[in-house]
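Remarks on the structure that follows.
Any read-out appearing in this document is the output of simple, stated calculations on the displayed coordinates, not a laboratory observation. Because the structure is predicted, anything quoted here is derived from the model rather than measured. So basically every Cβ, Gly included, is an ideal-geometry build from the backbone, and we count neighbours across all protein chains shown.
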C-alpha cells in the first residue's frame, strides 16, 4: 500500500527535526540575515514610537486651552522632527511637523489646514497668534509605545526574517541579530548516463539537470548546499563519494539528498548502496515522484529522490521544502491558490497527481503532459497543479488547487 | 486631482524603461544566475531528450515482431542507462532500463511486469527467451526532441531564471548563461530625526528602519543597492550626498530612491533639494504612500517615497516592484489571492487603501490599524490587503484581493 503524500511529508519533517534543533546560532548584520531565521525570542529594547509624536503637520496644543468655539493662542517656537522641544506653556500652540516629538503638556495636534491663518508664521515673528478649533485630547498624536511597548515580544524565535522583520529590528535600533545556522545539504546526483553540463555529450548520455535544479531550489529555500558531483551506478562509487564528504568536519552536513536509483529496476544504485543501512525505499501515492527513499546513512539523515528532473522538483516541493518550513522556519510556504482549469483533464485513480501549469488571471493551463522528463515544459510553468488521488476527471472551468512556484 | 495607483505605476515603469534597456549583459555560471534575467533568446543546442529512450524498465522490441496473440522472442544483450546499444535484430527483445537509449530498430517497450517470466534473465544466460504481449509502436518510448527540438526557442530573452529554468539550461548542456546586469539603486534616507541602528538614541530621534526595509526589499527583487547613509534635512546636504555618489563611475547608479521629505510640510528636504530639477511631486489616491516624487536628477531617474516605514514598503510594492517586473523581467509579480475578511472594516472614500494583513486558510485578518508608522504590525503581516477607492465598507466574510508578501 503506497504511503500518502501527507504521511511522507510528515516523515521527512520528523527525519529533519533533530538536525534542525542541533544547529547553532550565528550573529549577523541585519542585511546578511535576510531570509534567515531568528534564533531567539526578541523583546523590544525600546518602545515604538519611542516618544509621543505628531501624525500631522500642524499645531501642538493643550486641548483644555480650546473651548468649543475655538480659541486664539500664542504661537510658540516651532518643533521640527528630530528636536527635543521645550514644554508647552498654557495658552500656547507650537508649530509641529509630522513625526516630531510632542512638547510636554501638549496632548493634541490641530492640522495646519484647520488653523487660521492656514500657514505657519515665520520663526522670526515672535508675537504671532493663531486661531484654532476645539480638539479632543489625543487627536493626531501617535502615543509612545502604540506600535510596541518596551519589553514586549517583538519577534518570536523561529520567525523568518524578511524585509519587514528586518525593518522592525532596525526601528528597534538593532544593528545585528541572532539567527539560526542554515541546514547544510549534501547533494549527490547519480547515473552512468549523466554528464556535467559544459562537457561533451556522447551517445546514450544526458546532461545532469537535477543537480542544478535542486541546488537552486535549495538555495532559494535558505539551505547551504554542498555538491558531490555525479556518482556512477556502482554502489561502491556512491558510498565512497558520500563517506569522503561526511568526513569533512569543516563543513559538516545535516542531510544527504540523492537523485536517481530508488526505483525497482535492475541497476538502482542508491537502493544497492543503502543495503544494510536504515534507509527505507517506498512508494508514495503521487505522480511524478512516487519512488522515495528515507532514513539515515551513518547517522546522517538521508532523502532519496527519483531520477527524472520533474520528479526531483516535485519531490522537493511536496516533501522537503514544506518539511523545512515546518522544522526550520524557512522558507515560507508556497502561496496556495484555487484557480479554474483552462481545459479538461484526466488523472489516474489512487495517485495524487502534480501537474505543471501556468496561472494567468485566475486560470491555469497545463504545461506539457504528465511525463517526468519534460524539463522544457517545467521551465514554462509557474505553478504546481494539485489533483488529489480520488479525482480522475476534471472539466474546463473546474477549480483546482495550485501552489505558486 | 490625485493620480490613480495604476497611472503612477505606469509612470514609474516608463521612467525606468530606458535605464533597464541600457544595462549590459553578464555571462554567469548557472548557479550565480539564480534570480537574474536571461539577456538573449536562447535556442536549444540539442534536442531533449537527445535520443529516443525508454520510459520504463522492460524489453525494447520491434513491435512488428509481436502479433496479436503475443510472441516468444530471443533476449538480446541488456541496455543499461548511459550505454550506446547495438541495433536490435529482428525476433529479439532487449532488456532496457528507464532512460536508456532505444536500440536502432526497436520502436516500443514492453514493461517487465507484462513479460513472462517477469524478471530479467541473468546476463550470462545467452539462450534466454521471453514471452511478450503485442504492443503499439511508440509505446513507452520518449522520442528524441519530444520535450524540445534542437534549434527551437528554449527560453526567451527577459525570462527570469529560477530553479526550473536553470535546470533546463543544464539539461541543454550549458554551463553558463548570458544575463542582464541588474539595475543599481542609490538609496538615500532623509531626516534630522533619523539615526542609524546600533547608535545611541537621543530625545526626539528615531532609528532609520526605511533603509533596512527598502534595501532588503530591493535585494529580494534582484536589484543592486548602494546606500548613502542618512541625509539631514538641509537641501544642500542631500544634494552633496547625491552628487558624491553619482560621480562614482565605478558603480554607476540607474535610479535614485529617497525616503521622506516629499509631503507638504515646512521642512520637506527632498522637495526643496529638487527645486529646479525635473522632479514632480504629486499625490496618488492611495493610503498610505500618497505623496510621491518622480522625475530625473542630473539625468538619473529619481523616485521619492514618503518617510514612514509602512508608506515606504507600500510604495515599493505598489509602484517600484511591479514596474521592475514589467521593464526588467525581475522579480516575478506577487501572487494575488482573493480571500475572505475576518472582520468588518471601513475605508476612506476615493483613496485606494493598502492595509497589512495575515492570510491563514483563505481568511485575512488585519494587522494593526491604518497608521503608516506601525512597523511592528507590518512585521506580523504576510500580505497587503487591497481596498479600492470606491469601497468604503466591507463586512466579515466579504472577499478582498490580497498580494502575498
Considering only the label points, 7 Å along Cα→Cβ from Cα, what distances in nm to one decimal separate residue B:237 from the same position in each other copy, shortest first? 6.5
Which of the three applies to segment A:53-142, rounded, prolate or oblate, going by the alpha-carbon gyration tensor with a ≥ b ≥ c and a/c under 1.5 meaning rounded? rounded
Shielding by partners - mean other protein chain Cβ count within 10 Å, residues of B:92-100: 4
Restricting things to alpha carbons, find the Rg to Rh ratio for the protein assembly as shown using the Kirkwood radius for Rh. 1.07
Peptide B:352-362, shielding by other chains (average Cβ, 10 Å cutoff): 1
Average partner coverage of A:171-180, which counts Cβ from other chains inside 10 Å: 4
Obtain the nm distance between the two label points defined at residue B:224 and residue B:266 by a simple spin-label model: each point lies 7 Å from its Cα along the Cα-to-C-beta direction. 4.3
Run the numbers for residue A:398 and residue A:143: contour at 0.36 nm per residue of separation, minus the present Cα-Cα distance, in nm. 86.7 nm
Quick one: among A:229, A:58, A:307, which has the greatest mean-square fluctuation in a GNM of chain A with alpha-carbon springs under 10 angstrom? A:58
Just to be sure I understand: with springs between alpha-carbon atoms less than 10 Å apart, which residue in B:356, B:72, B:219 has the highest mean-square fluctuation in the Gaussian network model of chain B? B:72
Using only the alpha-carbon atoms, how far is helix A:210-220 inclined from the longest principal axis of chain A? Give it as 0 to 90 degrees, nearest 10. 20
A correct fewest-to-most ranking of A:51, B:59, B:302 by other Cβ atoms within 10 Å would be A:51, B:302, B:59
What gaps in nm, shortest first, separate residue B:350 from its twins in the other copies when you place the label 7 Å past Cα toward the beta carbon? 6.6
Output row for residue A:18: copy-to-copy label distances, label 7 Å along Cα→C-beta, ascending, in nanometres, one decimal, is 6.3
Suppose R0 equals 56 Å; then what is the FRET efficiency for residue B:32 and residue B:240 from their Cβ-Cβ distance, rounded to the nearest 0.05? 0.95
Report the paramagnetic label zone for residue A:134: residues of segment A:33-61 whose backbone N is under 20 Å from a point 7 Å from Cα along the Cα-to-Cβ axis. A:59-61
Which residue is it, in chain B, whose C-beta lies closest to the B-to-A rotation axis, and what is that distance in whole Å? B:335, 2
Mean projection area, nm², convex hull over Cα of segment B:336-404: 4.0
Given points 7 Å out from each Cα along the Cα-Cβ axis, report the residue A:64 to residue A:296 separation in nanometres with one decimal. 7.1
Cubic angstrom per residue, convex hull over Cα atoms of chain B: 208
Calculate the FRET efficiency for residue A:285 and residue B:202 from the Cβ-Cβ distance with a Förster distance of 51 Å, rounded to the nearest 0.05. 0.20
Rank the residues B:262, A:255 as a footprinting-exposure proxy: fewest other Cβ atoms within 10 Å of their Cβ go first. A:255, B:262
Cut-off is 10 Å between beta-carbons; in what order do A:27, B:36 appear when sorted fewest neighbours first? A:27, B:36
15 Å cut-off, amide nitrogen to a point 7 angstrom out along residue B:43 Cα→Cβ, residues in segment B:155-188: B:155-157
Which one, B:233, B:68, B:254, has the greatest fluctuation when you compute a Gaussian network model over chain B with C-alpha springs under 10 angstrom? B:68
Residue A:181-residue B:156 FRET efficiency (beta carbon distance; Förster radius 56 Å; 0.05 resolution): 0.90
Starting from the 7 Å offset along Cα-to-Cβ, what nm value, one decimal, do you get for the label separation of residue A:126 and residue B:116? 11.5
Antiparallel DSSP bridges in the protein assembly as shown: what percent, to the nearest 5? 70
For peptides A:389-395, B:169-175, sequence by mean Cβ density within 10 Å, most packed first: B:169-175, A:389-395
